[in-house]
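Heads up, the thing below is written out as structure tokens.
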Ligand code: ATR
């Protein structure tokens, strides 16, 4: 029998998850269907209840329901607790297991696909919102030499740094943009939402050390203002979040189906050139 999965959100039309999971099912030979489910803004729980009642096995969760899914879950994984957000659910009778694979997806993309081991690297994270919350612990687990968290609203960076400290002894330094002075980093990750509105965080080009990687979490937008700044600073290793998108999906697929699909073909298909 075909096992049913879906991604739930509002809006949902833009989601690439059905394309990705359908490709994974094909290459692994798994008999699944994967659809888009539009839930009313005040109807997350009812919509998920109905999907489960109809035999649904699991769901990805996208905006604006990642918090609702935290409340809905019966078993919240540490990754989802730290992120304060759920991006994948697995249904088993009355139990709802919930995970957040965004952070591991990001790390896997950098370490595996982009061949950038993070151990001993100096990492700068821009932004202190949901995306950073999800990324912090998986990044720290790679034992970088230094992690600096920079945010317009510095208090939020301090909050996140204190939260991370409870789970990992490595100190995360929280700063404002103007406090960066002449600090330079091997990996600079834009986890702000600035690129969604074609804005640029107030960042100076000298943050990019020679040979550094500039990673834009947003995907499919080509050369964002952040990537442009990096390029103008001489950075040749530029990446957007398409690999992270594919890798978090592969993590969810493996969690649901017990087999981890290769992501190369999907990444190739979804890549928008960085020009
Ligand atoms: P997400 O879930 O995508 O992380 P969010 O939780 O709303 O979204 O967080 C957005 C992040 O982008 C915040 O860190 C925000 O900075 P503030 O906390 O100071 O608001 C950051 N951000 C958004 N637009 C920005 C801009 N133009 N320049 C710098 N940072 C920006």
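The values are calculated or read from the model by the stated rules, or taken from the named source; none is laboratory data. None of these values were measured; they are calculated from a predicted model. Cβ sites come from the backbone with ideal geometry, for glycine too, and all protein chains shown count toward neighbours.
Things to note:
- Any hit, segment 136-152, residues being touching a helix residue (DSSP H, G or I) at 6+ places or on another chain (Cβ under 8 Å), in the same structural domain as residue 220 (by TED's automatic domain parsing), exposed (fewer than 14 other Cβ atoms within 10 Å of the Cβ) and within 24 Å of residue 78 (Cβ to Cβ): no
- Search result, residues across segment 104-144 that are closer than 21 Å to residue 211 by Cα and within 15 Å of the ligand (Cβ to nearest atom): 106, 124, 125, 126, 139
- Within segment 177-198, the set of residues being loosely packed, with under 14 Cβ neighbours inside 10 Å and more than 24 Å from residue 236 (Cβ to Cβ) comprises 178, 179, 181, 196, 197.
- Qualifying positions in segment 187-199 - without any contact (Cβ under 8 Å) to a residue 40 or more places away in the chain, more than 7 Å from the ligand (Cβ to nearest atom) and not in a helix (DSSP H, G or I): 198
- Screening segment 202-230 for residues that are farther than 24 Å from residue 112 by Cβ and assigned to a helix (DSSP H, G or I) and picking the one that is farthest from the ligand (Cβ to nearest atom) gives 206.
- Number of the exception - residue 162 against (1) more than 29 Å from residue 88 (Cβ to Cβ); (2) loosely packed, with under 15 Cβ neighbours inside 10 Å; (3) within 16 Å of the ligand (Cβ to nearest atom): (1)
- Matching option when the condition is over 13 Å from residue 127 (Cβ atoms) and within 21 Å of the chain's Cα centre (by Cα), among 204, 221, 228: 221
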